[in-house]
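Below is one structure, written out as structure tokens; the observations come after it.
The values are calculated or read from the model by the stated rules, or taken from the named source; none is laboratory data. Small disclaimer: the values here were computed from a predicted structure and weren't measured. A quick note on method: Cβ atoms are made from the backbone with ideal geometry, for glycine too, and the neighbour counts reach across all protein chains shown.
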Amino acid sequence: MTITTQTNSTCKGGHFLIEETNPNDVFISEEWSEEQQMIAEMVTDFCVKEIQEPFFKRGRELEISKEEDRPEILEVFRKAAELGLCGIGIPEEYGGMGLDFTSNTIFSEKISGAYSFATTIGAQTSIGSLPIVYYGTEAQKKKYLPKIATGEWIAAYALTEPEAGSDANSGRSKAIHSIADDSYALNGQKVWITNGGIADVFIVFAKIDQDKTLSAFIVERNFEGLTIGPEEKKMGIKGSSTVQLYFDNCKIPGENLLGEREGGFKMALNILNSGRMKAGTGGVGGCKFLLDKAVEYATTRKQFGKAIAEFGAIQYKIGDITMKTFAMDAAIYRTARNIDLKAAEFEAAGMSSGEAKIQSVREFAIECSIIKVKGSDLACYATDEVLQIHGGMGYAVETGIEMGYRDARITKIYEGTNEVNRLLTIAELSKRSLQTKEIDLIMAGKKIPKYLLKQLNPVKGKGAFAVEKRMVQSMKNAFLLVLGTAGKKLRKKMVDEQEIILNLSDILAEVYVCESVLLKVLKLQQKADADKSKLPIQTQMMQLYFYESLANVQKVSKEAVASFAEGRQKKNLNHMLRLLLPDYDVNPKELRRNIADFVVEKGGYAF
């Protein structure tokens, strides 16, 4: 599937920090193709008919706490498979839909309406099948992908071990290679395996013999020596199977080694980049769904003679969630389309389709981690606030809100905890600056003094949103200033100062989302077929996001400086930060009320 919207084919991951982006070179959700609209509608319809109506609207939760529950889960899975939803990322020649990354992202957003079943189908379409799509031999693809695409076989991904979580390569699972019959005897244990209790095929990671790095294997459920543990009792995502796997001399044919020997660690990281993007996207999709529920309840629930939607305290919550969701939507579809463009660029240069897709997601690893963190944080914030809007009814099972509250919390943990992802953004950026020389942060930092001189002059005659454009650049320079000075002072000790790195990661994330939502609004202004009636509210959402984002950047910048600087250096840095990050003059209360009034009038999220 292709999109013909004009975009920038030379975009590079992480370069948003040192380069300006033309609004015409970003993709926004208002530009979904007709086919993508159909995908969105089909997935939404599935969620309503097969999950929402038969389960939570009747006060029930789709659950797989024990083996007797599995038929019900498998029936829902079968219905998803009949629509082709099990094969969205699998090429058409193997029975899948072969969707591009942007369309996959739309799927991730809309399937969030399936509550915890989204985790089940998400594992099937992402980490469970993509390793074979990207790294499998032709024989492996022909054997496994058609069955996964049709839902005949359910797929799972087994990386985590009791002593190996974020440090995945420290896993102790061992595969001993037998040269005589070219087979492997696998021993070890895997934990928190999504779909594990119902899966037919597993992507399993282990070290071969005395190797230092992981390899990957395709393991079938009926392989001798594999034992599947009972269902875990979990706080949420009860509609997905989670078990432990035990391998006792599990015999794996040599032909089931997936990819190159010792290539498993790199494989796991590349697959997780894609999963991170999808996890953040699912969180934002859940926010849109929750906003509809919040508005429905707030307009019908009356207290003191009027609907609670008229109270400022409730409007604050609705306006704030809507604004944050709109901003994240801009960042998500900007990134998704850039990944597709990069894949096309790599393929045109001679890469295979699979390798091009792997490397394109790898290119935008920084942005994927930002979206994972911001999207999952927002999901948890929104479910908490929407539950609060419902009051006691939100705490009751019958509304389904408390279920969403419990389900959302895992998004900050899986696909790499948010803390790990925040650290990764700075580690990856530093690597591309210092090792591969892809991003020239030093040159960008040298421009700060000249920029500071310009800050002494007011913005005049600079076109639409001149103040906001300057704010984005100022946030970029604030990041470069703190990173550069901290790096010079701490040098090799910087890697151990995780608190400072987390501060820097927060600034970088705000830069990316602020710029994304500004570019979206600028593009909507220029777009001939855009709904101009929404533009004033879209502009106000952008302004409110900038207001809140600036406050966060001011806070964490000052905190970072206080964590490594002292004396005159501290005083000078804080002075420069005040010049770079002056207050933004808007009325946040009125902006939130305007946004909430619009959303209430429309009956839910309408952007």
- [ ] Starting from the range 203-228, keep only residues that are on the phi > 0 side of the Ramachandran plot and in contact (Cβ under 8 Å) with a residue 12 or more places away in the chain, then list their pairs with residues that are basic (Lys, Arg) and surrounded by fewer than 21 Cβ atoms within 10 Å (Cβ to Cβ) whose Cβ atoms are within a distance under 9 Å, requiring at least 6 positions of separation or different chains.
- [x] Asp209/Lys174; Gly225/Lys251
TODO: Go through Arg78, Arg60, Arg70 for me and flag whichever is basic (Lys, Arg) and free of Cβ contacts under 8 Å to residues at least 12 places away in the same chain.
DONE: Arg60
Task: Flag if Phe77 is within 22 Å of Glu231 (Cα to Cα), under 24 Å from the mean Cα position of the chain (by Cα), hydrophobic (A, V, I, L, M, F, W, C) and assigned to a helix (DSSP H, G or I) - done: yes
Open item on the list: Residue under question is Met393, and the condition is that it be assigned to a helix (DSSP H, G or I) and farther than 23 Å from Thr194 by Cα; does it hold?
Closed with: yes
- [ ] Mind telling me which of the residues Val517, Val495, Val511 ends up being closer than 21 Å to Gly14 by Cβ, in a helix (DSSP H, G or I) and modelled with pLDDT under 95?
- [x] Val495
TODO: Answer yes or no: is there a residue in the range 159-169 that is buried (at least 23 other Cβ atoms within 10 Å of the Cβ), under 22 Å from Gly275 (Cα atoms) and under 26 Å from the mean Cα position of the chain (by Cα).
DONE: yes
Task: Qualifying position, being among the charged types (D, E, K, R), in a helix (DSSP H, G or I), more than 13 Å from the chain's Cα centre (by Cα) and in the same structural domain as Gln210 (by TED's automatic domain parsing), among Glu347, Glu255 - done: Glu255
Task: Output for the range 204-231, where each listed residue is closer than 20 Å to Gly264 by Cβ, of a type outside the set (Lys, Arg) and assigned to a loop (DSSP other than H, G, I, E, B) - done: Asp209, Gln210, Asp211, Thr213, Leu214, Phe223, Gly225
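Select, from Ala118, Ala139, the only residue that is among the small types (Gly, Ala, Ser) and either under 28 Å from Thr383 (Cβ atoms) or outside any helix (DSSP H, G or I) (or both).
Ala118
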Task: Matching residues in the range 208-234 - criterion: being over 22 Å from Phe77 (Cα atoms) and surrounded by fewer than 22 Cβ atoms within 10 Å (Cβ to Cβ) - done: Ile208, Asp209, Gln210, Asp211, Lys212, Thr213, Phe223, Glu224, Gly225, Leu226, Thr227
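Let's see how each residue does on (1) within 25 Å of Lys372 (Cβ to Cβ); (2) among the polar types (S, T, N, Q); (3) at pLDDT below 95; (4) in the same structural domain as Leu550 (by TED's automatic domain parsing):
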| position | (1), (2), (3), (4) |
| --- | --- |
| Gly404 | yes, no, yes, no |
| Arg409 | yes, no, no, no |
| Glu419 | yes, no, no, no |
| Pro458 | no, no, yes, yes |
| Asn477 | no, yes, no, yes |
| Leu481 | no, no, no, yes |
| Arg491 | no, no, yes, yes |
| Glu499 | yes, no, no, yes |
| Ile507 | yes, no, no, yes |
TODO: Within the range 465-504, count every residue that is basic (Lys, Arg) and more than 20 Å from Leu17 (Cβ to Cβ).
DONE: 4
